[in-house]
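Undergrad: Got a structure for you, written out below as structure tokens; questions coming shortly.
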Amino acid sequence: MKMRLVTVLAMGLLLAMLAVGCSVSVDLTPPPPAGYVRVVGADTVNVRTCPAPSCEVRTVAYRGQAVRVYEYQNGWARIVVVDSGAPGWIDARYLRRP
């Protein structure tokens, strides 16, 4: 009897959580072919030749500078700097919505 009561209470709690809407949504939609426009949120960010801190620095992007994001890979974003056309990879933590 005690086990049945625990089971019923657990099911009730689960149903209550689902009814309240305990959920986390993560947008895993890949960027469109034309890319997302984002801006640099740090004073300066290195644009690298590949998605790793050990890769060669191709150029530097500055705070507020627009970049177009084409894909994400392990916390890195493949981008093109809008005003110069320079392609590369940037640490995605430093990107913000315009």
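Computed from the coordinates by the stated procedures, all read-outs in this text should not be read as laboratory data. Remember, predicted model here, so these are calculated numbers, not experimental data. Cβ: placed from backbone, ideal geometry, glycine included. Neighbour counts: every protein chain shown.
Undergrad: On the principal axes of its Cα set, how long, how wide and how thick is the range 36-96? Give whole Å, largest value first.
TA: 25, 19, 19
Undergrad: Now for a separate question. What's the ranking of 41-47, 77-83 by average number of surrounding C-beta atoms within 10 Å, highest first?
TA: 77-83, 41-47
Undergrad: Could you give the length gained on full extension between S84 and R97, defined as 0.36 nm per residue of separation minus the Cα-Cα distance, in nm?
TA: Working it through step by step, the gained length comes to 2.7 nm.
Undergrad: Taking a virtual spin label 7 Å from the Cα of V37 along the C-beta vector, which residues in the range 66-98 bring their backbone nitrogen under 18 Å of it?
TA: Correct set: 66-71, 79-87, 95-98.
Undergrad: By per-residue mean of other Cβ atoms within 10 Å, what is the highest-first order of 50-58, 67-75?
TA: 67-75, 50-58
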